[in-house]
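Report on the following structure.
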Amino acid sequence: MSSPEKQQKAQDETTHFGFQTVNTAEKAGLVKDVFDQVAGKYDLMNDVMSGGLHRVWKHTMVESLDPRPDQSFLDVAGGTGDIAFRIRERTAKFYSGQTPQITLCDINDQMLQEGRKRALNHGIVEGIRWVCGDAMNLPVESSSVDGYTIAFGIRNVTDIDAALREANRVLKRGGRFLCLEFSHVEAEPLAKLYDAYSMHLIPRLGKLFAGASQPYQYLVESIRKFPDQRAFADKMRAAGFGNVSYRNMTGGVVALHSGWKI
């Protein structure tokens, strides 16, 4: 299919942007606008919205990754650097200060700018390569990384299946895919409480702490549109991953998905 035909197809097809239905070609720009608005307050709002639990979830993700300094990692939708910094800290702790090579890729330049500022504040001047790129078309060589991580980013991608295929492409054989994402709460009482909190309170918190409620309205709606744990695991298998599994945390508020390129 030629490029003009692909563009026309994207104009004709629709997808979701939160609870809205939009043309596929429009979604990336709409998501970019969301993160342009929240970039400066992104880390603060993570603490506010989760009560600090996001730190525990991310710690668990990097602990499961178990990175070594002789490996290379790609953190997609890495934004302000939380996962990349944690990978460095863990390897330095267990390997006498040695750290791996990390490529941090995000489609939003505003988020990358915030990440670079944080890196300098952490005294990190090397070891992380900052790349502006799309999860569906990564500017990364095939079979080049030992680990691929993505935390709270894949639900914002226009074509999740394409992003999963790209993840498989860039991983070396035997490489690990880890995805941390909001998911579907399984216990009914907790599900009702979580729905009430996220749908009604989080946008208000966004208005109070970040000066805008609409980006957070989209974020909570996007969680509802994301596939549940089993459906996402099926998508991973369809993209070519083996030994696929997931681990619920906080009752399924988030799930850590794991797969291997075999």
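What follows draws every value from the coordinates through simple rules; no lab data is involved. Worth saying up front: this structure is predicted, and the values here are computed from it rather than measured. Here the Cβ positions follow ideal geometry from the backbone for every residue, glycine too, while neighbour counts run over all protein chains shown.
Below, the figures for the structure above:
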| item | result |
| --- | --- |
| Answer residue from segment 113-158, given it is of a type in the set (Asp, Glu) and surrounded by 16 or more Cβ atoms within 10 Å (Cβ to Cβ) and is farthest from ASP36 (Cα to Cα) among those | ASP146 |
| Looking only at segment 225-262, and only at residues there that are part of a helix (DSSP H, G or I) and under 17 Å from SER50 (Cβ atoms), the one that is farthest from the chain's Cα centre (by Cα) | GLY251 |
| The listed residue being surrounded by fewer than 24 Cβ atoms within 10 Å (Cβ to Cβ), of a type in the set (Gly, Ala, Ser) and more than 25 Å from SER245 (Cβ to Cβ), out of GLY40, GLY81 | GLY40 |
| Condition check for SER258: over 22 Å from PHE19 (Cα atoms), polar (S, T, N, Q) and touching a Leu at 6+ places or on another chain (Cβ under 6 Å) | yes |
| Tally, over segment 121-154, of residues that are aromatic (Phe, Trp, Tyr) and either over 14 Å from the mean Cα position of the chain (by Cα) or more than 17 Å from ASN108 (Cβ to Cβ) (or both) | 2 |
| 3 or more residues over 23 Å from VAL56 (Cα atoms): qualifying helices (runs of 4 or more DSSP H) within segment 68-176 | 109-121, 160-170 |
| Which listed residue is of a type in the set (Ser, Thr, Tyr), without any contact (Cβ under 8 Å) to a residue 40 or more places away in the chain and part of a helix (DSSP H, G or I), from TYR218, TYR197 | TYR197 |
